[in-house]
Structures are given as structure tokens and as C-alpha cells.
Amino acid sequence: MPELPEVETMRRGVLPIVGLTIADVARTACSCKPIAVVPRIDRFRRRATGCRIVDVRRAGKRVLVVLDSGDAIVFEPRMTGLVLIADPPDEQYLRVRITFRPSRRLAKGRALLYWDRRGLGSVRLLTPVEQAAALGPPRLGPDALAISRDELAANLGRSRRAIKVALLDQRAVAGIGNLYASEMLHVAAIHPATPCDRLRAEQWHALHAAIGEVLHDAIAHEGSTLSDGTYRNALNQSGGYQNHHRVYDREGCLCPECGVAAVCRIVQAQRSTFFCPRCQSRGGRRAAGRKESR
């Protein structure tokens with residue numbers, strides 16, 4: 001489930017490791033589906049041990065721990081992965097443990113952990129050249145927190161895909177996932193099935209503003225922990241943005257914007273989409289009488 005707000009929250013949560021020196025990298029004993037660890041753990045350990053951490057960055061939905069060698073440890077959480085510096089939800093799904101040389105900057109015994117219930121994620125040690133190939137254009141588009149309105153319209157505006165589906169294309173804009181795409185389109189008052197090439201200039205303006213609003217708000221609340229309880233921040237605590245969802249997973253509830261129509265659910269590209277049929281009419285204009293709370 002982790003999307004940009006959750007991954008950015010993880011990134012910020014593990015910033016205390018900057019300046020520490022890696023003592024060891026180990027795969028933990030796990031009887032579940034193994035995750036991808038690249039290169040093989042013995043080579044990974046040789047390259048990383050003794051390196052100092054100089055930065056923690058994010059590339060789309062990935063956390064990058066940058067080493068003074070120029071290499072970066074890239075965590076890709078996918079659906080159920082967590083990057084932690086606290087005890088994990090349980091030991092059963094702990095996959096990788098990175099320990100550090102003694103330091104006053106991190107509690108004794110504290111390590112950087114990768115935990116993944118479904119085993120869909122990966123941990124990779126990439127050289128600068130490999131980072132550019134895997135995490136730059138054309139593999140990843142501009143970050144959703146940095147993309148300009150003109151870039152957004154240029155990257156998606158000629159597509160005939162539904163705008164909700166297009167927003168999930170990481171090559172066009174990096175970091176947006178299924179949950180937040182529904183929220184953004186509700187804020188922008190755009191029907192999720194509207195083809196990209198049918199959006200007007202003012203709708204691109206509204207969507208660009210909505211992307212920033214939703215992402216910054218979600219980050220401030222440290223992401224969304226849904227009913228399955230999987231997502232936790234770097235300190236193994238729940239996020240809070242699920243309490244502020246407008247439409248996501250609220251099928252049948254009254255829209256918080258108009259207070260009249262019930263939130264609907266449709267399926268697009270095999271993913272659930274939630275929207276208000278009144279506020280997000282196919283005509284593209286929010287119905288009269290909307291609340292002016294924002």
C-alpha cells in the first residue's frame with residue numbers, strides 16, 4: 001500500500017541514521033516467500049560494511065539510503081513493506097537487518113530494518129550508474145511533489161486513458177498510487193473516468209493544486225493506516241490520514257463536500273476508484289451549493 005506520503009514519512013523517520021557507519025548487513029531467518037536482495041547478501045555486506053550514511057532520499061515510492069561510497073541502499077516497499085528503526089510489528093516477516101557501529105546518535109541495539117508481510121518488495125544496493133538507470137527517466141517521471149502544472153499537463157494531456165488510471169503511471173508522474181489518486185480527483189472535482197485529452201486548462205490547474213494539497217496533508221498526518229493495519233511509520237506507529245479520507249473506501253457514505261450524494265465505487269484497471277457522482281460529475285464542474293470549507 002505505501003504511496004508517496006507513507007514512503008516520505010518512512011524517509012523522514014529514519015533520518016537519525018545519517019552519519020552512522022554500517023557494521024553489518026544480514027538477511028534474517030524467514031520461512032515466508034523470500035524477497036529480492038541484490039546483489040547476493042555476501043557481496044552486499046562486503047560493499048556496504050564500513051560505509052558511512054550521508055543522506056536518506058526518496059525516489060517516487062522508494063527510500064534511498066545513500067552511502068559515502070556513492071552507492072545507495074534502495075528499499076522498495078511495494079504493497080506491504082516497511083522501513084523501520086524501531087521494533088517491527090512482529091519478527092515473522094522481518095527480512096533484512098542493517099546494524100551500525102556504536103554511536104550516541106541512535107539508541108543502543110537499534111538497527112535499520114526492512115519488514116514485509118507479503119514479500120513483494122526488494123532491497124537493492126545500487127551504484128550511481130545503476131541508480132540513474134533504475135530511478136531516472138524514462139523509468140520514473142517527475143516527482144509528484146515537484147512536478148509543475150505544465151509538466152503534468154504535458155506528460156498526461158495527450159493520453160486517451162482515464163485520468164485516474166493515468167495518474168498511476170510512474171513514468172509520467174512518480175509517487176502517486178491508487179488511494180491518493182481518488183482523493184486528488186475529488187479535491188479537483190474531476191470525474192475519474194474523464195479521458196486525459198478531454199481535460200480543460202482550468203482542470204489541469206485544479207488537479208495540480210489538488211496533488212500538492214492532498215500529498216502535503218497526508219504527509220503531515222504521517223500517511224494512511226488502513227483496516228488491515230499493515231502500514232506503520234519508521235517508529236512502528238500508525239498513520240493518521242485515514243481519518244481524513246474524503247472518498248477512499250467510503251462507498252455509500254455521504255460526500256463530505258456536498259453532503260448530498262453518496263460516494264460511489266467503480267473498478268478501473270483492476271483497482272477500486274471512489275468518487276462523488278455529484279461533485280465529480282462527467283460535465284467536469286462541481287455542482288452548485290458545494291461547501292466552502294477549504
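The values are calculated or read from the model by the stated rules, or taken from the named source; none is laboratory data. Keep in mind the model is a prediction, meaning the values are calculated, not measured. A quick note on method: Cβ atoms are made from the backbone with ideal geometry, for glycine too, and the neighbour counts reach across all protein chains shown.
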Answer yes or no as to whether Ala172 is of a type in the set (A, V, I, L, M, F, W, C), surrounded by fewer than 19 Cβ atoms within 10 Å (Cβ to Cβ) and within 17 Å of the chain's Cα centre (by Cα).
no
Extreme residue, surrounded by the most Cβ atoms within 10 Å (Cβ to Cβ), among residues of segment 216-231 that are modelled with pLDDT under 95 and among the polar types (S, T, N, Q)
Thr230
Of Ile219, Ile190, which residue is closer than 24 Å to Val65 by Cβ, touching a residue at least 60 places away in the same chain (Cβ under 8 Å) and touching a helix residue (DSSP H, G or I) at 6+ places or on another chain (Cβ under 8 Å)?
Ile219
Within segment 38-87, which residues are hydroxyl-bearing (Ser, Thr, Tyr) and touching a Ser or Thr at 6+ places or on another chain (Cβ under 8 Å)?
Thr80
Out of all the residues in segment 229-257, which are charged (D, E, K, R) and within 18 Å of Val83 (Cα to Cα)?
Arg232
Return yes or no: is Ala210 outside any helix (DSSP H, G or I), of a type in the set (A, V, I, L, M, F, W, C) and either buried (at least 20 other Cβ atoms within 10 Å of the Cβ) or in contact with a helix residue (DSSP H, G or I) (Cβ under 7 Å, 6 or more places away or on another chain) (or both)?
no
When you check Arg58 against the structure, is it surrounded by fewer than 17 Cβ atoms within 10 Å (Cβ to Cβ) and of a type in the set (D, E, K, R), yes or no?
no
Considering only residues that are surrounded by 14 or more Cβ atoms within 10 Å (Cβ to Cβ) and of a type in the set (Gly, Ala, Ser), which ones fall in segment 27-49?
Ala48
Is it true that Pro142 is more than 30 Å from Arg45 (Cβ to Cβ) and surrounded by 15 or more Cβ atoms within 10 Å (Cβ to Cβ)?
yes
For segment 12-21, what are the residues that are surrounded by fewer than 21 Cβ atoms within 10 Å (Cβ to Cβ) and within 26 Å of Ala181 (Cα to Cα)?
Arg12
Give all pairs with beta carbons closer than 7 Å in which a residue from segment 152-167 that is β-branched (Val, Ile, Thr) meets a residue that is assigned to a loop (DSSP other than H, G, I, E, B); count only pairs at least 6 apart in sequence or on separate chains.
Ile163/Ile190; Ile163/Pro192; Ile163/Thr194; Ile163/Leu199; Val165/Ala269
Right, Ile190: among the β-branched types (Val, Ile, Thr), over 21 Å from Pro256 (Cα atoms) and in the same structural domain as Arg265 (by TED's automatic domain parsing) or not?
no
